[in-house]
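The values are calculated or read from the model by the stated rules, or taken from the named source; none is laboratory data. It should be emphasised that the depicted structure is a prediction, and the values quoted were computed from it without experimental measurement. No Cβ is skipped: glycine too gets one built from the backbone with ideal geometry, and neighbour counts run over all protein chains shown. These accessible areas exclude ligands, DNA and RNA; they are computed on the full protein's heavy atoms, side chains included. Shrake-Rupley method; radii C 1.70, N 1.55, O 1.52, S 1.80 Å.
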Amino acid sequence: MNDSMRRAAAILLVILGGVALWWAGSGAPASASANDVMAATIAAARERAAANDARLKSASRFEEGGWIYVHLEGDPGAMGYQHGYLLAREIEDAFAAVSAGMMHSTERDWAFFRKAAHEMLWPKIDAEYQQELQGIVEGLRARTGSKLDVDDIVAFNAFEELPDYYVPWLNKQQKTAKAPSLKSPGNCSAFVATGSWTKDGLIVMAHNNWTSYRNGERWRIVFDIAPKNGHRFLMDGFPGVIASDDDFGINSDGLMVTETTITQFEGWDPNGKAEFVRARKALQYAGSIDEYTNIMLEGNNGGYANDWLLGDRKTGEIAQLELGLKAHKLWRTKDGVLAGSNWARDPKVLKEDAPQFDPANKESSPNARRARWDELLKENRGKIDVALAEKMLGDHRDTAQHQEEANERTLCGHVDGSPRGVKEWDWQPYYPGGAVQGKATDATMAKEMRMMARMGHPCGGDFLAKPFLAAHPEYAWEEPYLRDMKAGPWTEFRSGQAPKE
Ligand SMILES: [Zn+2]
């Protein structure tokens, strides 16, 4: 008997047991509860059988500091299965919150996103990632009996690119009447520094993730991935998504990667390869800044267009890849600092890919944070290390008002406290979004595959859903999904880590 036959036989036996129980109880008045017993018995049998699956042998999960750490290892199908199984409940929960947001903002139904995933994205996904995505579905179903299929999971993996890049492009193509206003997001504050800028002369990299609190409170996974092919890598991430997606990661070949998005980016190539696939592939396979750039450019679809901030700890070199669709530019240096807060700077990228963006408006969130990065990094030239980077991620200096006030213009974003919102991203006044977690590392830590991470606002402040919703009924539609986002401590994670005793 092979493994799967044994598993099937075990399930059958327990189902028969459940049926017998139900049969015995069906004459009694409590037949509904007998049905519940049968359902529970079948679910337990399914979980037991799935837990014994040989594919789970090298995988593990534990929780620390508000994060869920998962170790995935093996061939693509097995890693997918481990991912789907170990994070099944988090995936179902995140899928509900994310898909609700995608439908709400675009005024499109879920079938629309499934179709886009199936017809447009799937055919261009590399075979190994198709297998991994299929594996996620199998692991998820084995654990919870989920009804989600691979089209759901692919559309969900593209949650940063379908609603805010593809849909506005499509609305324009089809001249959709009364199309909702959709703008590409402005996610994150980040920098990478090297040479005379850092305390030890080696690379320091830091990033905080800006998004809705609805999604951000769920962005709490640390993935330690040992793939059969490519390099080992450690990244933060989202349950059910194969890329980091807010993009903070290091790999065993020396590459350090993060990004911030390009505000008011416009454009999409339906024949291109999904960004979540390119970003995942680049972190897994690139061993140099050039290799990283080539993988991101190959099949560029314009989705989730970013300023990529890169470091190569083998050479001490850092780089910024401003990746538009029509234009792109790469800057690199062995002595400097490159910061990001959602602004493009190459004149050609600005003109061709983000024509609405105003680099001169000092009041906007991207430009005010750009000014703050400039002064903060200059003040600390030669002193920058991971501890200082952690502080910078929680900074509340508003350069437009010349005062301390946590709002949409501070490196640690609190847009829920701003009567202005961020019009460039269509975030209305008091939008429940901002910095949702932070990460930092340096070349020494990256060599040992270590990084620091803090869940929640990097300043340590808490977001509480109930009083927020009471004060802002305009966001009532988020009520089923919006949860408290309490800050955890800065916590160190490393590849191959075992849970604390
Ligand atoms: Zn803060």
(message) For the range 116-133, check the following and say yes or no: at least one residue is open to solvent by less than 30 Å² (accessible area, probe 1.4 Å), on the phi < 0 side of the Ramachandran plot and not in a helix (DSSP H, G or I).
(response) yes
(message) For the range 419-459, give me each residue that is of a type in the set (Val, Ile, Thr), more than 15 Å from the ligand (Cβ to nearest atom) and buried (at least 18 other Cβ atoms within 10 Å of the Cβ).
(response) Val422, Thr441
(message) Criterion first (within 16 Å of the ligand (Cβ to nearest atom), charged (D, E, K, R) and open to solvent by 30 Å² or more (accessible area, probe 1.4 Å)) does Glu379 satisfy it?
(response) no
(request) State the number of residues belonging to the range 186-225 that are of a type in the set (D, E, K, R) and more than 27 Å from Val415 (Cβ to Cβ). (result) 3
(request) Within the range 276-290, track down each residue that is open to solvent by 20 Å² or more (accessible area, probe 1.4 Å), part of a helix (DSSP H, G or I) and in contact (Cβ under 8 Å) with a residue 12 or more places away in the chain. (result) Lys281, Tyr285
(message) Report every pair of residues separated by at least 6 positions or lying on different chains whose Cβ atoms are under 6 Å apart, first residue within the range 459-474 and in a loop (DSSP other than H, G, I, E, B), second open to solvent by 50 Å² or more (accessible area, probe 1.4 Å) and within 16 Å of the ligand (Cβ to nearest atom).
(response) Asp462/Lys486; Leu464/Asp484; His472/Tyr430
(request) Scan the range 345-358 and give yes if some residue there is closer than 21 Å to Ala193 by Cβ and away from the ligand (no atom under 16 Å from the Cβ), otherwise no. (result) yes
(request) Tell me which of these Ala354 doesn't satisfy, since it passes every other one: (1) crowded, with 16+ Cβ neighbours inside 10 Å; (2) more than 24 Å from the chain's Cα centre (by Cα). (result) (2)
(message) Go through the range 405-459 and report how many residues are acidic (Asp, Glu) and touching a Leu at 6+ places or on another chain (Cβ under 8 Å).
(response) 2
(message) Which count do you get for residues in the range 419-458 that are in a helix (DSSP H, G or I) and not hydrophobic (A, V, I, L, M, F, W, C)?
(response) 4
(message) I'm trying to understand the selection: among the residues of the range 403-418, which are in a loop (DSSP other than H, G, I, E, B) and either more than 27 Å from Tyr481 (Cα to Cα) or within 11 Å of the ligand (Cβ to nearest atom) (or both)?
(response) Glu405, Ala406, Asn407, Thr410, Leu411, Cys412, Gly413
(message) Filter the range 396-436 down to the residues that are of a type in the set (Asp, Glu) and free of Cβ contacts under 8 Å to residues at least 24 places away in the same chain and list them by number.
(response) Glu404, Glu405
(message) Contact list please: Cβ distance under 8 Å, first residue in the range 329-351 and without any contact (Cβ under 8 Å) to a residue 60 or more places away in the chain and farther than 23 Å from Asp312 by Cα, second residue of a type in the set (Lys, Arg) and open to solvent by 50 Å² or more (accessible area, probe 1.4 Å), pairs at least six apart or on different chains.
(response) Lys348/Lys329
(message) Of the conditions (1) farther than 30 Å from Thr194 by Cα; (2) away from the ligand (no atom under 16 Å from the Cβ), Thr491 satisfies every one except a single condition; which number is it?
(response) (1)
(request) Tell me, yes or no, whether the range 477-486 has at least one residue that is without any contact (Cβ under 8 Å) to a residue 60 or more places away in the chain, of a type outside the set (Lys, Arg) and within 16 Å of the ligand (Cβ to nearest atom). (result) no
(message) Given the options Ala400, Ala387, Ala465, name the one that is away from the ligand (no atom under 11 Å from the Cβ), within 28 Å of Asp312 (Cα to Cα) and either open to solvent by 50 Å² or more (accessible area, probe 1.4 Å) or not aromatic (Phe, Trp, Tyr) (or both).
(response) Ala387
(message) Report every pair of residues separated by at least 6 positions or lying on different chains whose Cβ atoms are under 6 Å apart, first residue within the range 360-380 and free of Cβ contacts under 8 Å to residues at least 24 places away in the same chain, second among the aromatic types (Phe, Trp, Tyr) and surrounded by fewer than 19 Cβ atoms within 10 Å (Cβ to Cβ).
(response) none
(request) Identify all residues within the range 291-313 that are more than 21 Å from Arg345 (Cβ to Cβ) and part of a helix (DSSP H, G or I); write none if there are none. (result) Glu291, Asn294, Ile295
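Per-residue answers, yes or no, for (1) farther than 30 Å from Lys314 by Cβ; (2) more than 22 Å from the chain's Cα centre (by Cα):
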{"residue": "Arg420", "(1), (2)": "yes, yes"}
{"residue": "Lys447", "(1), (2)": "no, yes"}
{"residue": "Arg450", "(1), (2)": "no, no"}
{"residue": "Arg454", "(1), (2)": "no, no"}
{"residue": "Pro473", "(1), (2)": "yes, yes"}
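Residues checked against (1) buried (at least 24 other Cβ atoms within 10 Å of the Cβ); (2) at pLDDT below 95:
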| residue | (1), (2) |
| --- | --- |
| Ala179 | no, yes |
| Ser184 | yes, yes |
| Val192 | yes, no |
| Lys199 | no, no |
| Leu202 | no, no |
| His207 | yes, no |
| Gly216 | yes, no |
| Ile225 | yes, no |
| Asn229 | no, no |
